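The values are calculated or read from the model by the stated rules, or taken from the named source; none is laboratory data. This is a predicted model, so every value here is computed, not measured. With ideal geometry, Cβ positions are generated from the backbone for all residues, glycine too; neighbour counts draw on all protein chains shown. For the accessible areas, the whole protein counts, side chains as well, though only heavy atoms, and no ligand, DNA or RNA atoms are used. Shrake-Rupley method; radii C 1.70, N 1.55, O 1.52, S 1.80 Å.
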Amino acid sequence: VMLYAFYFFVKDGPRILSRILYFTPLEEDDERTLIAQFVSVTRATIKGSILIGLLQGGLAGAAFFVLDLPAAAFWTTVMAVLSVIPVLGSGIVWAPAAVILLLTGRVAAGIGLTLWGIVIVGLVDNFLRPRLVGRDTKMHDLLVLLSTFGGLAMFGLVGFIVGPIIAALFLTAWDLYG
């Protein structure tokens, strides 16, 4: 459904946007401000998610290389892609790998991978997402974090993009009407 809708948003986007703006009770300058904020937050959220995904995938993949796990390059790529999913992300790959290491007698490697995954890889998302997204959107780190979690709770996986966008649009509307 998302790909189908995306096609029509790309194809008919300007016409849809002009129709939406026709019904808003804002002046043209305020409409431009609202659109600029929407574009800025969307760009920052997507850019931040891609950067965090690459960073988390790289950090987790580095542990796979150090531990000499098979197909480390492949799993690094998989973890980089999965890292755009907040909370679970790369843990979908490194957590089972740590369990396998523990069960096969490589206890130190399993514990090391678990600690590395939780402390270093897992916290990258929590610390960097608010800063990367918040810096570009001029939103406070706490608001970015809360709106990301709220977006996930309300909209599922796409909520990590939709939540900060809604928060930024709310702040913009607040400023316009304030």
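In table form, for the structure just shown:
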item	result
Pairs where the first residue, in region 67-88, is more than 27 Å from I161 (Cα to Cα) and in contact (Cβ under 8 Å) with a residue 12 or more places away in the chain and the second is part of a helix (DSSP H, G or I) and open to solvent by less than 100 Å² (accessible area, probe 1.4 Å), C-beta under 6 Å, 6+ apart	L67/A109
Some residue of region 31-52 being small (G, A, S), free of Cβ contacts under 8 Å to residues at least 12 places away in the same chain and either open to solvent by 70 Å² or more (accessible area, probe 1.4 Å) or over 29 Å from G159 (Cβ atoms) (or both)	no
Subset of region 135-160 (residues that are in a helix (DSSP H, G or I) and within 28 Å of E27 (Cβ to Cβ))	D136, T137, L143, S147
Subset of region 146-160 [modelled with pLDDT under 80 and buried (at least 20 other Cβ atoms within 10 Å of the Cβ)]	F160
Near pairs, Cβ below 7 angstrom, 6+ apart or cross-chain, from region 149-165 (touching a residue at least 40 places away in the same chain (Cβ under 8 Å) and over 15 Å from N126 (Cβ atoms)) to any residue that is assigned to a helix (DSSP H, G or I) and open to solvent by 40 Å² or more (accessible area, probe 1.4 Å)	I161/I46; I165/F38
Count of residues meeting criterion [aliphatic (A, V, I, L, M), under 14 Å from T77 (Cβ atoms) and touching a helix residue (DSSP H, G or I) at 6+ places or on another chain (Cβ under 8 Å)] in region 37-54	1
Per-region count, region 7-28, residues of a type in the set (D, E, K, R) and open to solvent by less than 100 Å² (accessible area, probe 1.4 Å)	1
Residues located in region 8-67, provided they are closer than 17 Å to V124 by Cβ and polar (S, T, N, Q)	T45, S49, Q56
Any chance A80 is under 16 Å from the mean Cα position of the chain (by Cα) and either open to solvent by 30 Å² or more (accessible area, probe 1.4 Å) or closer than 23 Å to V144 by Cα (or both)	yes
Residues located in region 83-119, provided they are of a type outside the set (S, T, Y), within 17 Å of the chain's Cα centre (by Cα) and surrounded by 14 or more Cβ atoms within 10 Å (Cβ to Cβ)	V84, I85, P86, G89, G91
Residue among L132, L59, L143 that alone is within 30 Å of Q37 (Cα to Cα), open to solvent by 40 Å² or more (accessible area, probe 1.4 Å) and either without any contact (Cβ under 8 Å) to a residue 60 or more places away in the chain or out of contact with any Lys or Arg (no Cβ under 6 Å at 6 or more places or on another chain) (or both)	L143
